[in-house]
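Read the structure below first, then the notes.
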Amino acid sequence: MGARLGETASELAGLLWREHTVYRERTGGVVIRGEHVQRWISLAPSGGRDEVLVRAGRILDGGTTAPARSEALVCLSAGTGELAAVCRRLLSETAATPAAPHGHGQRGPRRRTPRGRTATRSRHTGLASWAVVVVVVAIVGLYSAFYGRFFL
C-alpha cells in the first residue's frame, strides 16, 4: 500500500498544484505541501483495505503545519480524479474557515516591528498619563514657589 500511496500522491500533487513538495511521513503516510498557497494535504492508510484518510490544513508563517482542519475517507480504487475532487473540497473548506487568532485577548490591528515582535497601534501617552504629569509639575511648581526662597 505504501508504494501505491506514494505514486498516487505524486499524481495527485501534479493535479492540485504546479509547485509542490511530496514527502513520506514516519507513520507511512504521504504529505503534499503547496507552499505558495500555504496549504497541505496528507494521505494516510486507514483501517480499510483500499481506503485512505485524506486530511487538509494550513502552513503557518514559520513553515510549520497547523493541525488538520478537515478530513475525509476516500477509496483509492475510485481513481486519482475522484481523489483530487475530494482534496479540492477539503482545501476549499480549509480556506473558508477563519484563521485561528494568534493570541488570547487580541484587540485591534497588529503590526510587525523590525525586531519581529508584534505591537498594537495605540497612543503612547494617554489622557490619564498627561493628567499625572500636569499634577506632578504643579506640585513641583508650588513647592518651589513657597520653599524656593529659603534655598536662595
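The values are calculated or read from the model by the stated rules, or taken from the named source; none is laboratory data. These numbers were taken from a predicted model, which means no experiment stands behind them. Positions of Cβ are generated from backbone atoms using ideal geometry, with glycine treated the same way; all protein chains shown enter the neighbour counts. Just so you know, the surface numbers come from the protein's heavy atoms only, side chains and all, with ligands and any DNA or RNA stripped out. Shrake-Rupley method; radii C 1.70, N 1.55, O 1.52, S 1.80 Å.
One table, with the values for the structure above:
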read-out	value
Exposure ranking of HIS20, HIS36 by accessible area [1.4 Å probe, largest first]	HIS36, HIS20
Added length on full extension, which subtracts the Cα-Cα distance from 0.36 nm per residue, TYR147 to ARG24	36.2 nm
Low-density loop cleavage sites - GluC sites (Glu not before Pro) in region 1-72, where at most 15 other Cβ are within 10 Å (DSSP)	GLU19, GLU25
5 angstrom amide H check on ARG69, placed H, neighbours 5+ away	ALA56, GLY57, ARG58
Compactness of region 1-84, expressed as Rg and Dmax over alpha-carbon positions, Å	12.1, 37
